[in-house]
């Protein structure tokens with residue numbers, strides 16, 4: 001979490017019997033939490049990712065999570081390693097890229113499938129630019145940097161990276177301004193020359209304020225949970241094979257309501273909080289209390305208050321799901 005003053009704090013998520021919480025417990029040997037792990041983080045953007053290579057992928061690895069941090073400082077990208085449970089280590093904060101704008105959109109995923117995260121950027125002209133990460137800096141691809149055109153923010157207000165085709169490289173699901181969803185395939189190098197985009201869904205209009213993408217129903221592909229203006233969470237399962245179209249689409253209605261009473265101004269953090277490869281939801285409400293919602297067969301489980309409320313006084317500016325190596 002990032003505080004207003006630029007300090008970073010790390011809160012391990014403890015398992016205490018059948019309960020999960022950020023509170024410590026002497027009974028279970030949890031004596032400390034809220035470790036100060038960084039200071040002076042006054043940057044324009046924060047990009048958590050799996051920037052350090054590891055021998056094998058961990059089960060909790062997901063698009064949107066991370067074990068290290070890249071930040072945008074003016075127009076430079078800087079890399080901060082998280083080692084020995086802190087960012088305050090020697091020889092970190094190095095400049096790893098230049099010429100980046102805070103007006104651009106940034107999408108971290110393992111785009112080149114090289115064992116670490118890479119960076120995809122949408123610039124203000126609607127170009128998609130790929131910057132592979134070589135473990136030390138972002139590689140300059142020169143003329144091959146532009147991997148997509150026409151992705152203007154006003155036409156495509158939402159872009160969701162994910163393994164939508166179940167391949168080795170992520171693809172892009174984009175929401176058009178009219179509420180249609182389109183799939184743009186990626187081959188590890190470019191979105192160009194991949195055939196026409198495929199229409200996967202419709203009706204995702206301005207009633208929806210939040211989109212939570214993960215493998216919610218454990219079918220091997222991402223699904224979408226959206227929050228609507230009735231404060232409900234609705235599940236849209238993906239992965240239904242349409243024989244007429246010869247590709248996967250979102251399932252037909254009716255769509256299941258999997259949560260209710262979720263406010264627009266709350267802060268939401270999807271992560272594998274309970275166990276690896278199983279998504280769940282943390283919510284910081286308007287009282288700065290942290291709530292935990294595991295995801296079960298019938299939706300988000302509304303735990304009893306003594307198990308639901310897992311932290312308090314969390315008046316923070318940023319929240320990340322973080323998995324130290």
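Is the range 85-92 home to any residue that is touching a residue at least 12 places away in the same chain (Cβ under 8 Å), under 22 Å from residue 270 (Cβ atoms) and not in a loop (DSSP other than H, G, I, E, B)? Working first, answer last.
Of the residues in the range 85-92, the ones touching a residue at least 12 places away in the same chain (Cβ under 8 Å) are 85-88, 92.
Right, trim to under 22 Å from residue 270 (Cβ atoms) and you get none.
No, the range 85-92 contains no residue that is touching a residue at least 12 places away in the same chain (Cβ under 8 Å), under 22 Å from residue 270 (Cβ atoms) and not in a loop (DSSP other than H, G, I, E, B).
Can you say whether residue 240 is over 24 Å from residue 20 (Cβ atoms) and either exposed (fewer than 14 other Cβ atoms within 10 Å of the Cβ) or in contact with a strand residue (DSSP E or B) (Cβ under 7 Å, 6 or more places away or on another chain) (or both), as far as the supplied structure shows?
yes
Applying the selection to the range 207-239, what residues are within 14 Å of the chain's Cα centre (by Cα) and not in a loop (DSSP other than H, G, I, E, B)?
Within the range 207-239, 210, 211, 212, 213, 214, 223, 224, 225 qualify.
Return the pair list, or none, for Cβ contacts closer than 7 Å from residues in the range 181-203 that are at positive phi to residues that are loosely packed, with under 14 Cβ neighbours inside 10 Å and at pLDDT below 95, at least 6 apart or on different chains.
188/113
Within the group 79, 107, which residue is modelled with pLDDT of 95 or more, closer than 22 Å to residue 11 by Cα and not in a loop (DSSP other than H, G, I, E, B)?
Details: 107 fails: closer than 22 Å to residue 11 by Cα.
The conditions single out 79.
Could you please find all residues in the range 175-184 being under 19 Å from the mean Cα position of the chain (by Cα) and more than 14 Å from residue 238 (Cβ to Cβ)?
Once the filter is applied, which keeps residues that are under 19 Å from the mean Cα position of the chain (by Cα) and more than 14 Å from residue 238 (Cβ to Cβ), the range 175-184 yields only 184.
Check off (1) in contact (Cβ under 8 Å) with a residue 40 or more places away in the chain; (2) crowded, with 19+ Cβ neighbours inside 10 Å for residue 100 and give me the number that stays unchecked.
Unmet for residue 100, out of (1) in contact (Cβ under 8 Å) with a residue 40 or more places away in the chain; (2) crowded, with 19+ Cβ neighbours inside 10 Å: (1).
Determine which member of the set 100, 43, 87 is closer than 24 Å to residue 273 by Cβ and modelled with pLDDT of 95 or more.
87
Within the range 140-171, count every residue that is without any contact (Cβ under 8 Å) to a residue 24 or more places away in the chain and outside any loop (DSSP other than H, G, I, E, B).
Of the residues in the range 140-171, 4 are without any contact (Cβ under 8 Å) to a residue 24 or more places away in the chain and outside any loop (DSSP other than H, G, I, E, B).
For the range 1-22: of the residues being assigned to a loop (DSSP other than H, G, I, E, B) and over 21 Å from the mean Cα position of the chain (by Cα), which is surrounded by the fewest Cβ atoms within 10 Å (Cβ to Cβ)?
18
Please enumerate the residues belonging to the range 289-301 that are more than 21 Å from the chain's Cα centre (by Cα) and either within 16 Å of residue 3 (Cα to Cα) or in contact (Cβ under 8 Å) with a residue 12 or more places away in the chain (or both).
Selection gives 289, 298.
The values are calculated or read from the model by the stated rules, or taken from the named source; none is laboratory data. Here the structure is a predicted model, which is why all the values come from computation and not from measurement. As a convention, Cβ positions derive from the backbone with ideal geometry for all residues, glycine included, and neighbour counts pool all protein chains shown.
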